[in-house]
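Remarks on the structure that follows.
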Number of protein chains: 4
Amino acid sequence: MSTSKPKSWRTKIYETIYEADTLPGKAFDIILFALIIISIVLVMLESVTEFDAKHHEFLYYSEWVITILFSIEYIARLISVKRPKKYIFSFYGIIDLLSTIPMYLSFIFVGSQSLIALRALRLMRVFRILKLVRFVGESNRLMVALRASRAKIAVFVFFILIVCVILGSVMYIIESDQDSGFTSIPRSVYWAIVTLTTVGYGDIAPATPLGQLISSIIMILGYGVIAIPTGIVSSEMTRKAQKEEIQTNTQVCANCFNSKHKDEAEFCDQCGTSLDR
Amino acid sequence: MSTSKPKSWRTKIYETIYEADTLPGKAFDIILFALIIISIVLVMLESVTEFDAKHHEFLYYSEWVITILFSIEYIARLISVKRPKKYIFSFYGIIDLLSTIPMYLSFIFVGSQSLIALRALRLMRVFRILKLVRFVGESNRLMVALRASRAKIAVFVFFILIVCVILGSVMYIIESDQDSGFTSIPRSVYWAIVTLTTVGYGDIAPATPLGQLISSIIMILGYGVIAIPTGIVSSEMTRKAQKEEIQTNTQVCANCFNSKHKDEAEFCDQCGTSLDR
Amino acid sequence: MSTSKPKSWRTKIYETIYEADTLPGKAFDIILFALIIISIVLVMLESVTEFDAKHHEFLYYSEWVITILFSIEYIARLISVKRPKKYIFSFYGIIDLLSTIPMYLSFIFVGSQSLIALRALRLMRVFRILKLVRFVGESNRLMVALRASRAKIAVFVFFILIVCVILGSVMYIIESDQDSGFTSIPRSVYWAIVTLTTVGYGDIAPATPLGQLISSIIMILGYGVIAIPTGIVSSEMTRKAQKEEIQTNTQVCANCFNSKHKDEAEFCDQCGTSLDR
Amino acid sequence: MSTSKPKSWRTKIYETIYEADTLPGKAFDIILFALIIISIVLVMLESVTEFDAKHHEFLYYSEWVITILFSIEYIARLISVKRPKKYIFSFYGIIDLLSTIPMYLSFIFVGSQSLIALRALRLMRVFRILKLVRFVGESNRLMVALRASRAKIAVFVFFILIVCVILGSVMYIIESDQDSGFTSIPRSVYWAIVTLTTVGYGDIAPATPLGQLISSIIMILGYGVIAIPTGIVSSEMTRKAQKEEIQTNTQVCANCFNSKHKDEAEFCDQCGTSLDR
């Protein structure tokens, strides 16, 4: 990707920011990664009221430092990219903007507490850096297996949702007179999801024997049904793994054109001809 | 499915309602799907007391619109079908009736709150529409895998239930003196199911050391035992996937047009002709 | 198993009780199954104080009827069996005795509440009946897969326990000063098991940030670790299923003695000879 | 490992402590295993205040006995080992020291309650003994499968953590005004982990409809996502199991004694000699 032609400073910025095979590119990614993690930790600590009370000054100024650094980065991206408009309205463009803007907005709208947390979206920027790193090869294989079973999983989730709405409504009929938290159908559906996924908070729990009987059925259903997404992904991965294995170990025999050999094979196992490697 | 003969209006209604390969058939399905979803959302909102207080009028009249539309559809189905009696007493016939009748009944039995939720059963009608849509191919494969492991899963659920009854009774003996919620055996069995399926509400939780020891055993049991349904479905799906794959790697025999051959086959295994590759 | 020789009455009783291929044998099993289920339901209802208050008389007399029937069965088993001593001290012998004795003991020790629940052990007798029924073929295959992965699962459970003891102790150090329920190491270990198995009652929950950090690690560990027993059983079952498949579909070619043919093969796919079946 | 040369007493101690194929070696391992388990039970009981109140004397003196025995063992290990320094700073060296030192420290720092629990780390020493025992063959296979899918699992855990931070922050924005426990972002992230892993304590639970909607999404996500680590390990194990199987179906080449052949091999794939079967 790096040519021997003299590069413009815009190309240089572009290569530093968007690529990871040059030294400055790598350094940029590592520093950005560190900055994102630090800024997330700061955002988290700021939300802890006891910590914020003690170290408010420190948090405030470090936040400004990070905001300014991110702003510079944002502008650099805007300049170096060929089509700035496309970048601004792209997914990562919006995330980048949301990562810098809350501090500036806090000047205008004083006391906007909830804007703090918006900065946590900065973490999403980590994914962009990771995309460039080699170790994502593993995650790619995961993605392929997931994508292959996407349709099956969508059907499954849709089915789960319908079951939860129906069961939630049934539980509402049974338990709405009780003081057990089934105050509306949406809440009951929420409870059904909590139960079916085996999370089980206990903030809403059936009080009547009939309600408990039906929840037992939901639980066993949920317990059995978890086998389905697992089965889908497992079988998809097993298949993928087997295919890869078969396709990696191939040499072709010069005599009989047999192409299925073990990795260590030196002679064709169908005709005895040397594989001559 | 569509012939060139001139069709009676009953056949036309039938094709519109029950089939999805004509344009009006597709339109009907999409509209019905939207109506069901809208009506479910309305039922849900109606059960939220704050929302109902504000928008009672709106909810009441929209509900009547939907009820009348569903009634027309019910009558149309009744007319167009060959054996109306069979339809009335079929699973979907009953669901269709239950989807329309609560509003009419609310005239007679004033203040029947719980009838509201009965209307949530309308959601089941979604399954009928989905049956016609192509994307259910995926769900069909799921169903085949599930059906193949049906017997194994039934044995498993039965076994889980027996274990829960026995463990629930044991916990009742241990914990019934305590104030920890094990007030009767059915309740203790309910607790055992809540625990074994790893839902864990916490509305009932053991208080004695012995009770906690036994629950720990139940939990680890449940944690290990979840492997079983998962294992069943996974292996069934892997098998299914492999079979399908075998049928994909095919050559066609020039003599008998048989297209199912093993990968290493050199002769057609149906007629003995050389596959000549 | 049934010979044409005239049988003694003891042999007849034996065959009725212990075998299921004669008509009286089948009838006996069905009646016994029904009796066990009824008696369990009665035991359950008896433990529900409201129900017991209303129908105490009915429950008391039905319990006596069942106890007497089970006593007769126990004596019949004792007489018909060749080595009564061995039967008495066998697993099912003890269960059978425990199923009948509580009512007789309630004469001697008045007000022994907890003996009620002991009768729930009757449910274990169901397993004996099921052993005879054909549908257990499925459960047998499950058992084979489980037995094959027994050693792996034992290692896994042992490992889980050690991890829970260590993590429980660590949490006790951190949280024992708080009022969050970590009052002793055994209780903390109990909590660790509740958390690792993703049950999560919430009766004990960490209150300190450090405690919550460590619990988060335990949870993610538990979430990842559940993959292990599932993986073990899945792979074992896939293997078993593949073996069965391979071993079922075999004919040998008369010409080249190739023994791997597809189910529908009529000609050998290695040499083209007719399989002549 | 045992030679016929006369051994020094240091070598003898070494063999007893570090090896398990001599009689004293085996005896040592069994006694050590028992001592560790006993000492752990004692540490646990000591933390139970009621038990400690009654049997304080007994616990105190048994603890001293165990501490002295462990100290002797520690010194013996130190003497017999070739490089004592390396041992002291090795993982097990530190664990061994931490297993003995708390009692001595309790002389100096009186009333150091939390040191009690430190002794629970003794349990880790069990792993060293287990390493020597044969039954760990099974656990080794587990380890191999886990190590093979290590990278995939790391990616997965990292991804889960990022998702939890983002979702936790979003929930903080939504729920921080409510009295539902989302008091800071770290706490909300803790909640997100509790929910995604389907543990669900219920100490923190969403109170707003929007919060419940988002939690429902997290739950279903978590429920579906559990399929991923399971799929990874399952496919890895199935592959491992199949590979092992392939290595079992073997013939030995008469020429080069190669014993790894494919099932259908007719010629040795290492030297080209006909396998002549």
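The values are calculated or read from the model by the stated rules, or taken from the named source; none is laboratory data. Owing to the predicted nature of the structure, the values given are computational and were not obtained by experimental measurement. Positions of Cβ are backbone-derived with ideal geometry, glycine not excepted, and every protein chain shown enters the neighbour counts. Side chains included, ligands, DNA and RNA excluded: accessible areas come from the protein's heavy atoms. Shrake-Rupley method; radii C 1.70, N 1.55, O 1.52, S 1.80 Å.
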Legend entry - Any hit, the range C:105-119, residues being open to solvent by less than 10 Å² (accessible area, probe 1.4 Å), under 22 Å from C:Leu35 (Cα atoms), modelled with pLDDT under 85 and in contact with a helix residue (DSSP H, G or I) (Cβ under 7 Å, 6 or more places away or on another chain): yes
Legend entry - Residue that is farthest from the other protein chains (Cβ to nearest Cβ) [pool: residues in the range B:222-238 that are within 27 Å of B:Leu167 (Cβ to Cβ) and open to solvent by 10 Å² or more (accessible area, probe 1.4 Å)]: B:Val225
Inset, instruction - Would you check if A:Leu59 is at pLDDT 90 or above and surrounded by fewer than 17 Cβ atoms within 10 Å (Cβ to Cβ)? - result: no
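A quick yes/no check of all residues on (1) closer than 21 Å to B:Ala205 by Cα; (2) within 7 Å of another protein chain (Cβ to nearest Cβ):
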site	(1), (2)
A:Ile173	no, yes
A:Asp177	no, no
A:Gly181	yes, no
A:Trp191	yes, no
A:Leu196	yes, no
A:Tyr201	yes, yes
A:Ile204	yes, no
A:Ala207	yes, no
A:Leu213	yes, no
Inset, instruction - Determine, yes or no, whether B:Val165 is at pLDDT 75 or above, within 24 Å of B:Ser234 (Cα to Cα), of a type in the set (A, V, I, L, M, F, W, C) and buried (at least 19 other Cβ atoms within 10 Å of the Cβ). - result: no
Inset, instruction - Would you be able to tell me the number of residues in the range D:1-42 that are open to solvent by less than 60 Å² (accessible area, probe 1.4 Å), in contact with a helix residue (DSSP H, G or I) (Cβ under 7 Å, 6 or more places away or on another chain) and modelled with pLDDT under 85? - result: 9
Legend entry - Evaluation of D:Ala241 against (1) surrounded by fewer than 23 Cβ atoms within 10 Å (Cβ to Cβ); (2) modelled with pLDDT of 85 or more (one fails), failing number: (2)
Inset, instruction - Report whether or not C:Thr49 is on the phi < 0 side of the Ramachandran plot, surrounded by fewer than 15 Cβ atoms within 10 Å (Cβ to Cβ) and at pLDDT below 80. - result: no
Inset, instruction - Take the range B:20-64 and flag every residue that is aromatic (Phe, Trp, Tyr) and under 23 Å from B:Arg77 (Cβ atoms). - result: B:Phe28, B:Phe33, B:Trp64
Legend entry - Subset of the range A:65-96 [of a type in the set (A, V, I, L, M, F, W, C), closer than 19 Å to A:Lys12 by Cα and either open to solvent by 80 Å² or more (accessible area, probe 1.4 Å) or in contact with a Leu (Cβ under 7 Å, 6 or more places away or on another chain) (or both)]: A:Leu69, A:Ile72, A:Ile75
Inset, instruction - Select from the range D:12-58 the residues that are touching a residue at least 40 places away in the same chain (Cβ under 8 Å) and of a type in the set (Ser, Thr, Tyr) and write down the one among them that is farthest from the other protein chains (Cβ to nearest Cβ). - result: D:Tyr14
Legend entry - Exclusive hit being part of a helix (DSSP H, G or I), at pLDDT 85 or above and touching a Lys or Arg at 6+ places or on another chain (Cβ under 7 Å), set A:Tyr92, A:Tyr87, A:Tyr74: A:Tyr87
Inset, instruction - Could you tell me whether A:Thr67 is polar (S, T, N, Q), more than 23 Å from D:Trp191 (Cβ to Cβ) and touching a residue at least 24 places away in the same chain (Cβ under 8 Å)? - result: yes
Inset, instruction - Search the range B:175-221 for residues being open to solvent by 20 Å² or more (accessible area, probe 1.4 Å) and in contact (Cβ under 8 Å) with a residue 40 or more places away in the chain, and hand back the single one that is nearest to A:Val194 (Cα to Cα). - result: B:Leu221
Legend entry - A:Ile185 vs. criteria of a type in the set (A, V, I, L, M), at pLDDT 85 or above and within 27 Å of the chain's Cα centre (by Cα): no
Legend entry - Among the candidates D:Gly168, D:Gly231, residue that is in a helix (DSSP H, G or I) and in contact (Cβ under 8 Å) with a residue 12 or more places away in the chain: D:Gly168
Inset, instruction - Kindly list the number of the only condition in (1) modelled with pLDDT under 85; (2) open to solvent by less than 60 Å² (accessible area, probe 1.4 Å); (3) under 28 Å from C:Thr238 (Cβ atoms) that fails for B:Gly272. - result: (3)
Inset, instruction - May I ask you to list the residues in the range D:147-167 that are more than 8 Å from every other protein chain (Cβ to nearest Cβ) and over 23 Å from the mean Cα position of the chain (by Cα)? - result: D:Val163, D:Cys164, D:Leu167
